[in-house]
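The values are calculated or read from the model by the stated rules, or taken from the named source; none is laboratory data. Predicted model, so just to flag it, every value in this text is computed and none were measured. Because the Cβ atoms are built from the backbone with ideal geometry, glycine has one as well, and the counts that use them run over all protein chains shown. All accessible areas refer to the heavy atoms of the entire protein, side chains included, with ligands and DNA or RNA removed. Shrake-Rupley method; radii C 1.70, N 1.55, O 1.52, S 1.80 Å.
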Amino acid sequence: MRHKKTIEPEKSAEEEALKARVDAMMDARRADNAVSPGAEVSISKKSPAETEAAEVSPKEQPSAPPLPGKLLKQLPVEEKIPEPQKPYIIPASNLSIDKLDELTKGIGNAGKSVESPVSTPAETAAELDHDDDIEAKTKTDEFNDLATDNAVDDIVAKEGDIVLAAEDTARVTRFDKPAKLKLPDWKDKARAMLKNKWTWLGALVVLGILLGLLPVTRYKLLGLIIKKSVTITVLDSKTASPLSNAAVQLAGDIIKTDASGKAHLKASVGQHNLIIDKQYYRTSQVPYFVGFKTAAKLTDIRLVATGRLVQITVLNKITGKPVEGVLLKVLDTTAKTNAKGQALVALPTRASSDPAKLSLTGYSTAEITIQVTDRAVKANSFELTPAGHIYFLSNLRGNIDVVKANLDGSGRKIVLEGTGHEDPSTTSLLASRDWRYLVLKSRRDSAGTALYLIDSNSDKITPFDNSNASFTLVGWYGHSFVYDLTRNNLSNWQPGRQALKSYDAENLQLNQLDQNQAEGTAASYAQQSFSNYYILNGVVAYNTQWHTYSASGSDYDSSGKTDTIRAIQPNGQNKKDYQSFPTGDTSDIQAALYEPQAVYYKVYSYNGNKTTYYVYEDQAVKTANVDAGTFNKTYPTFLLSPAGSQTFWTELRDGKNTLFTGDANAKTQKQIASLSDYSPYGWYSDSYTLISKSSSELYIMPAGGLAPNRPPLKITDYYKPAQTYSGYGYGYGGL
């Protein structure tokens with residue numbers, strides 16, 4: 001038999017549950033209303049009165065007749081959602097028509113219909129040919145009981161109400177939802193939060209709470225961004241002496257300890273492993289905690305030596321004072337001297353002595369031999385010489401050579417060999433204040449005297465003026481050398497015979513600063529001359545004067561000409577006459593450097609038969625209130641230190657040369673020695689002064705004076721020409 005297939009609409013879980021309850025209630029095969037297979041199913045057509053009075057047999061309990069398959073009623077959709085009602089459950093047992101009416105009374109149908117398929121019993125369906133016959137037979141034979149039909153309709157209507165309510169709710173949700181308001185997106189909210197001070201305050205509070213509650217985690221987190229300064233001190237376990245050059249490893253960094261045994265590191269906060277290692281000592285490993293506020297205090301780490309402890313001492317060879325920071329290398333270990341000039345080194349005992357090396361920036365490297373002993377012995381006390389070279393003239397080989405040597409006289413070397421043409425009385429060597437450059441005036445061949453530049457960095461020799469002239473050396477101003485020359489190929493009545501020049505040693509550039517004027521003929525002329533050169537702060541001061549000559553004996557007319565006190569910068573700029581005097585009324589102008597930066601001038605006037613004194617200072621000339629005695633005093637040559645902050649000179653006290661140092665103006669003087677046999681020679685850096693003895697021996701001593709019972713350190717013997725550059729204090733070697 002064919003059955004028409006019905007496509008059922010989808011139902012919600014609530015609808016499915018209600019349908020299952022109705023089906024169960026209406027199923028004729030229930031245990032309480034069972035029908036034997038093959039038995040005829042008949043419905044007695046009785047009046048209502050008869051039905052009410054009829055006795056129901058226990059075996060034939062009436063039940064709701066089976067519904068035909070595919071009974072479906074449609075309910076119209078209402079706008080108002082009905083109030084949900086509790087579904088009625090109608091038991092199949094002991095159910096009468098009257099009781100069904102009573103139970104279903106009040107269930108609202110409201111004219112609604114719900115399409116609800118109800119299964120037909122299998123036995124009844126087997127007798128029908130097709131679905132239409134089933135529907136017809138059901139209408140005529142089985143659904144004659146109106147009460148039952150009404151009850152079923154109400155139940156089905158109830159199910160429809162529930163389905164309708166669900167559909168209405170979905171429709172309202174889907175179609176009747178009010179339009180959404182445009183709300184700020186997450187970016188707007190984030191901006192607002194970041195601008196709110198309470199957001200930051202809250203974040204800080206939360207962070208503080210988290211860090212306080214998580215002591216271990218907080219150090220791991222903070223260690224990513226926060227580092228603290230840590231100082232580790234390493235000492236010898238036996239002597240408690242600081243150990244230098246010990247490798248200290250903490251938080252991935254490795255730093256060597258300094259001369260005080262200290263290593264300064266940066267380490268992230270938290271727990272770390274501290275490792276300290278040094279040759280001939282046992283390696284130390286200890287836990288080390290770096291706190292958030294301050295690093296944990298660890299006073300020192302003491303290492304146990306595996307070799308013999310040897311103490312050495314290093315002193316400055318010039319001053320005799322301890323030298324700090326000297327690096328000692330011996331075998332495969334190193335150490336540095338402390339402020340006392342001492343260093344402790346552990347050495348194996350397989351030998352009685354070991355070769356070593358001492359080195360420090362600013363000092364000459366020294367090769368030494370260390371005695372392997374734990375006792376303090378003089379053999380392990382060494383002296384280190386400050387680094388540097390002194391250049392001087394020497395005729396030790398017969399000719400006048402240019403020689404250099406270390407400050408202690410070692411490492412002697414000839415820089416420029418003499419040729420044998422040198423003039424012993426005029427050969428000169430002048431060094432700049434920093435000893436970077438030197439100028440040699442020498443006649444090295446038959447062509448005559450020439451000027452040569454020596455670069456101490458390379459010992460390169462550069463001739464820069466070999467004019468046919470006689471040279472007068474003025475001296476160094478910085479790295480510019482100033483000199484005067486008188487040309488041999490020009491006559492007195494020709495201009496330019498005398499010239500003032502400078503040579504820029506750094507740029508190898510020759511500059512002419514000034515040249516004299518002249519006029520007339522060989523028989524009668526006027527000639528200008530330059531004299532009294534002094535290098536002062538920023539300028540070269542000198543005076544100019546006119547001289548006349550007439551072969552007939554009559555005076556050359558010099559009216560309108562003036563003599564002057566003049567100054568010019570070493571580069572040739574800003575030439576200026578600071579004071580002028582009529583030539584015919586002025587005798588020779590005399591000068592005397594009485595202070596490092598001031599010059600007295602003495603000018604005699606014929607007309608008034610009067611001598612007037614002037615002073616040039618701070619690039620100005622004014623009348624000086626001095627007399628002849630003051631002017632004619634013997635003033636020392638003030639040697640200016642390389643930095644320009646100190647001066648060095650000598651004075652006779654009780655017939656002895658007494659050495660003094662002072663400030664740039666020779667004030668606040670200090671006596672550094674009373675040595676009758678020694679005279680100032682120059683400076684070597686601002687820490688040491690150079691002195692000479694008998695104009696043939698060169699020494700070096702501390703600028704602050706000699707230590708008790710310690711003599712100056714001799715550098716070398718040297719050759720001193722007869723020419724002396726009194727008053728020249730801006731370079732060395734002229735005294």
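Could you list, in sequence order, all residues of the range 409-418 that are touching a Lys or Arg at 6+ places or on another chain (Cβ under 6 Å) and surrounded by 14 or more Cβ atoms within 10 Å (Cβ to Cβ)?
Within the range 409-418, the first condition is being touching a Lys or Arg at 6+ places or on another chain (Cβ under 6 Å), and the residues that meet it are 413, 415.
Val415, the sole residue that qualifies.
Considering only residues of the range 593-634 that are open to solvent by 50 Å² or more (accessible area, probe 1.4 Å) and of a type in the set (Phe, Trp, Tyr), which is nearest to Thr724 (Cα to Cα)?
Once the filter is applied, the top-ranked residue is Tyr604.
Kindly check whether there is at least one residue in the range 661-668 that is under 56 Å from the mean Cα position of the chain (by Cα), in a loop (DSSP other than H, G, I, E, B), closer than 18 Å to Val539 by Cα and charged (D, E, K, R).
So in the range 661-668, the residues under 56 Å from the mean Cα position of the chain (by Cα) come out as 661-668.
This time we only want the ones that are in a loop (DSSP other than H, G, I, E, B), so: 663-668.
If we keep only those that are closer than 18 Å to Val539 by Cα too, we end up with 664-665.
Going one step further and asking which of them are charged (D, E, K, R), we end up with none.
Taking every residue of the range 661-668 in turn, none turns out to be under 56 Å from the mean Cα position of the chain (by Cα), in a loop (DSSP other than H, G, I, E, B), closer than 18 Å to Val539 by Cα and charged (D, E, K, R).
Report the residue count in the range 356-367 for those that are assigned to a strand (DSSP E or B) and crowded, with 19+ Cβ neighbours inside 10 Å.
Quick first cut of the range 356-367, residues assigned to a strand (DSSP E or B) only: 356-359, 363, 366-367.
Retained after the next criterion (residues that are crowded, with 19+ Cβ neighbours inside 10 Å): 356, 358, 363.
Selection size over the range 356-367: 3.
Considering only the range 368-387, state which residues are of a type in the set (A, V, I, L, M) and either closer than 27 Å to Tyr437 by Cα or surrounded by fewer than 17 Cβ atoms within 10 Å (Cβ to Cβ) (or both).
So the first thing to find is which residues in the range 368-387 are of a type in the set (A, V, I, L, M), and the list is 368, 370, 372, 376-377, 379, 384, 387.
Ala376, Val377, Ala379, Leu384, Ala387 - these are the residues of the range 368-387 that are of a type in the set (A, V, I, L, M) and either closer than 27 Å to Tyr437 by Cα or surrounded by fewer than 17 Cβ atoms within 10 Å (Cβ to Cβ) (or both).
Within the range 513-563, work out how many residues are touching a Gly at 6+ places or on another chain (Cβ under 7 Å) and assigned to a strand (DSSP E or B).
5
For the structure I just gave you, tell me whether Val314 is touching a Phe, Trp or Tyr at 6+ places or on another chain (Cβ under 6 Å), of a type outside the set (S, T, N, Q), open to solvent by less than 50 Å² (accessible area, probe 1.4 Å) and under 30 Å from Thr283 (Cβ atoms).
Details: touching a Phe, Trp or Tyr at 6+ places or on another chain (Cβ under 6 Å): yes; of a type outside the set (S, T, N, Q): yes; open to solvent by less than 50 Å² (accessible area, probe 1.4 Å): yes; under 30 Å from Thr283 (Cβ atoms): yes.
Yes; evaluated as a whole, the condition is true for this residue.
With Ala305, Ala346 as the choices, which residue is at pLDDT below 95, open to solvent by less than 20 Å² (accessible area, probe 1.4 Å) and either under 19 Å from Ser237 (Cβ atoms) or of a type in the set (Lys, Arg) (or both)?
That would be Ala346, the only listed residue that is at pLDDT below 95, open to solvent by less than 20 Å² (accessible area, probe 1.4 Å) and either under 19 Å from Ser237 (Cβ atoms) or of a type in the set (Lys, Arg) (or both).
In the range 496-521, which residues are farther than 30 Å from Asp455 by Cβ, open to solvent by 50 Å² or more (accessible area, probe 1.4 Å) and in contact with a strand residue (DSSP E or B) (Cβ under 9 Å, 6 or more places away or on another chain)? If you could, list the steps in order and put the result at the bottom.
Going through the range 496-521, the residues farther than 30 Å from Asp455 by Cβ turn out to be 496-497, 516-521.
Restricting the remaining residues to those that are open to solvent by 50 Å² or more (accessible area, probe 1.4 Å) gives 497, 517, 519, 521.
Residues satisfying the conditions are Arg497, Gln517, Glu519.
Sort out which residues of the range 463-488 are open to solvent by 30 Å² or more (accessible area, probe 1.4 Å) and among the β-branched types (Val, Ile, Thr), and write them in order of number.
Passing the criteria: Thr472, Thr486.
Residue by residue, here is whether (1) hydrophobic (A, V, I, L, M, F, W, C); (2) in contact (Cβ under 8 Å) with a residue 40 or more places away in the chain; (3) farther than 30 Å from Gln579 by Cβ; (4) touching an Asp or Glu at 6+ places or on another chain (Cβ under 6 Å) holds:
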site	(1), (2), (3), (4)
Thr650	no, no, yes, no
Tyr681	no, yes, yes, no
Tyr688	no, yes, yes, no
Ile691	yes, no, yes, no
Pro702	no, yes, yes, no
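Suppose we filter Ala343, Ala376 for residues that are among the small types (Gly, Ala, Ser), outside any strand (DSSP E or B), over 30 Å from Gly682 (Cβ atoms) and touching a residue at least 12 places away in the same chain (Cβ under 8 Å); which single one remains?
Details: Ala343 fails: outside any strand (DSSP E or B).
Of the residues listed, the single one that is among the small types (Gly, Ala, Ser), outside any strand (DSSP E or B), over 30 Å from Gly682 (Cβ atoms) and touching a residue at least 12 places away in the same chain (Cβ under 8 Å) is Ala376.
Working only within the range 388-406, note down all residues that are surrounded by 18 or more Cβ atoms within 10 Å (Cβ to Cβ) and of a type in the set (A, V, I, L, M).
Correct list: Ile390, Leu393, Ile400, Val402, Val403, Ala405.
Scanning for something of a type outside the set (Val, Ile, Thr), under 29 Å from Trp546 (Cα atoms) and loosely packed, with under 13 Cβ neighbours inside 10 Å, does the range 647-663 turn up at least one residue? Before you say what the answer is, go through the steps one by one.
Initially, the range 647-663 is screened for residues of a type outside the set (Val, Ile, Thr), giving 648-649, 651-657, 659-660, 662-663.
Imposing the further condition that a residue be under 29 Å from Trp546 (Cα atoms) reduces the set to none.
Taking every residue of the range 647-663 in turn, none turns out to be of a type outside the set (Val, Ile, Thr), under 29 Å from Trp546 (Cα atoms) and loosely packed, with under 13 Cβ neighbours inside 10 Å.
Could you tell me how many of the residues in the range 706-734 are assigned to a loop (DSSP other than H, G, I, E, B) and among the hydrophobic types (A, V, I, L, M, F, W, C)?
3
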